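What follows is one structure encoded as structure tokens, with my remarks underneath.
The values are calculated or read from the model by the stated rules, or taken from the named source; none is laboratory data. Keep in mind it's a predicted model, so treat the numbers as computed, not measured. No Cβ is skipped: glycine too gets one built from the backbone with ideal geometry, and neighbour counts run over all protein chains shown. Just so you know, the surface numbers come from the protein's heavy atoms only, side chains and all, with ligands and any DNA or RNA stripped out. Shrake-Rupley method; radii C 1.70, N 1.55, O 1.52, S 1.80 Å.
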Amino acid sequence: GLRASPRARSAMPSWVIDQYGRNDVLRFTRDMVFPIIHFPNEVIIKVHAASLNPIDLSMRSGYGATALNMKRDPLKLKSADTEFPLTLGRDVSGVIMECGLSVSYFKPGDEVWAAIPPWKQGTLSEFVVASGNEVSFKPKRLSHTEAASLPYVGLTAWSAVNQVGGLNRNNCSGKRVLILGASGGVGTFAVQLVKAWGAHVTAVCSHDASTLMKKLGADEVIDYKSGNLEEQLKTLPLFDFILDNVGGSTEKWALDLLKQWSGATYVTLVTPFLINMDKLGVADGMLQTGVTVASKTVKHLFKGVHYRWAFFMPSGPSLDEIAELVDSGKIQPVIDQVFSFSEVPKAFLKLEGGHARGKTVIDVISKK
């Protein structure tokens with residue numbers, strides 16, 4: 001009646017980088033160290049599909065390395081360059097293979113999805129380890145390929161709209177919402193989210209994405225290439241909430257489009273936090289960032305509007321709520337192109353080319 005356990009795996013296929021740079025730093029290996037459960041709340045997921053986000057391009061080039069390395073090794077117990085070989089990829093849809101001792105919500109064989117934080121090894125691998133509180137059951141109506149397109153952008157939009165912006169299903173009805181950069185991954189999700197909550201949505205994108213925006217529920221679509229965007233938007237009634245996925249010069253005038261002294265809020269996802277830490281170091285970078293956000297917040301508060309920064313936040317419970325919206329048909333994945341696991345460098349080049357309409361997805365279990 002005794003049965004020997006199968007020989008433990010020690011290596012797995014993965015796409016890694018050994019240094020920061022352009023696309024030629026991507027390297028395929030069959031000898032990436034197999035993930036190990038270090039904490040009782042962790043799970044190992046067999047990756048069926050992953051997807052790429054702009055942060056993967058940035059991380060490939062070294063963006064945010066100072067802050068992320070501090071998070072990886074806050075006590076500096078390890079030697080330098082311990083992040084290499086580094087696996088990129090934040091989204092995963094797959095199947096639970098193994099659970100830590102304190103994980104009771106999941107069991108091996110469960111189909112799940114998650115967004116892995118940037119300071120952990122990523123999902124362009126056969127297996128990935130995640131904390132149980134970062135994982136959620138995959139929406140039943142989606143395939144793994146479809147599901148992998150949503151977690152990172154969904155949680156980023158959820159953070160901006162709900163946790164930072166304060167909008168939810170109970171207070172969003174009838175509010176006028178403006179989304180700048182609406183045709184990317186975060187934008188397409190945010191349009192559907194606030195529309196599901198009853199908002200009036202104005203989406204800003206290029207003309208060739210206008211049909212997609214209408215399909216996703218946008219009430220008005222503004223083509224930023226058809227003239228001066230600021231002047232076009234000034235002809236519309238004022239907004240209750242603005243989500244800015246673009247940054248740059250838009251911040252100089254976008255807050256003037258908000259209703260004053262009504263609780264109206266501007267939230268931007270384009271912040272100097274990681275850049276400051278890369279340039280100035282941890283202490284000076286955090287200080288500079290704090291001074292910047294505080295001064296902008298106070299400046300705009302005197303004008304009667306709220307100014308906020310938002311960031312991606314890993315959260316299994318938030319993914320649970322997103323899964324409900326997906327399974328009820330209120331949010332659908334928007335996929336630009338699917339690549340096989342052998343085509344990861346091509347997928348990066350596709351993302352780098354810009355002008356995507358939705359997400360670039362990797363079918364990890366594809367045999368191609």
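Worth pointing out:
- Strands (runs of 3 or more DSSP E) contained entirely in region 19-127, each with at least 2 residues that are in contact with a helix residue (DSSP H, G or I) (Cβ under 6 Å, 6 or more places away or on another chain): 42-52, 91-99, 111-115
- Only one entry of 273, 348 meets the criterion of being over 25 Å from residue 125 (Cα atoms) and under 22 Å from the mean Cα position of the chain (by Cα), and that entry is 273.
Residues are listed down the side, and each one gets a yes or a no for (1) more than 19 Å from residue 56 (Cα to Cα); (2) open to solvent by less than 60 Å² (accessible area, probe 1.4 Å); (3) not hydroxyl-bearing (Ser, Thr, Tyr):
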{"site": "309", "(1), (2), (3)": "yes, yes, yes"}
{"site": "317", "(1), (2), (3)": "yes, no, yes"}
{"site": "320", "(1), (2), (3)": "yes, yes, yes"}
{"site": "325", "(1), (2), (3)": "yes, yes, yes"}
{"site": "330", "(1), (2), (3)": "yes, no, yes"}
{"site": "341", "(1), (2), (3)": "no, yes, yes"}
{"site": "365", "(1), (2), (3)": "yes, no, yes"}
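- Cβ-Cβ distances below 6 Å connect the following pairs, each with a first residue in region 274-299 that is under 21 Å from residue 55 (Cβ atoms), a second residue that is in a helix (DSSP H, G or I) and of a type in the set (Phe, Trp, Tyr), and a separation of six or more residues or different chains: 289/273.
- If only residues of region 263-279 that are in a loop (DSSP other than H, G, I, E, B) and touching a Leu at 6+ places or on another chain (Cβ under 9 Å) are counted, the one that is surrounded by the most Cβ atoms within 10 Å (Cβ to Cβ) is 269.
- Selected residue (only one of 198, 132 is closer than 16 Å to residue 315 by Cβ and at pLDDT 95 or above): 132
- Any hit, region 36-44, residues being at pLDDT 95 or above and within 16 Å of residue 342 (Cβ to Cβ): no
- Among the residues of region 219-262, those that are open to solvent by 50 Å² or more (accessible area, probe 1.4 Å) and among the β-branched types (Val, Ile, Thr) comprise 235, 246.
- Being part of a loop (DSSP other than H, G, I, E, B), of a type in the set (A, V, I, L, M), modelled with pLDDT of 95 or more and assigned by the TED database to the domain that holds residue 264 is a property that residue 190 lacks.
- Yes/no for residue 249 being over 17 Å from residue 319 (Cβ atoms) and either assigned by the TED database to the domain that holds residue 55 or at pLDDT below 95 (or both): yes
- Qualifying residue in region 149-159 (condition: free of Cβ contacts under 8 Å to residues at least 60 places away in the same chain, surrounded by 23 or more Cβ atoms within 10 Å (Cβ to Cβ), assigned to a helix (DSSP H, G or I) and not charged (D, E, K, R)): no
- The listed residues are 236, 243, 255, 212, and the only one of them that is assigned to a strand (DSSP E or B), out of contact with any Ser or Thr (no Cβ under 6 Å at 6 or more places or on another chain) and modelled with pLDDT of 95 or more turns out to be 243.
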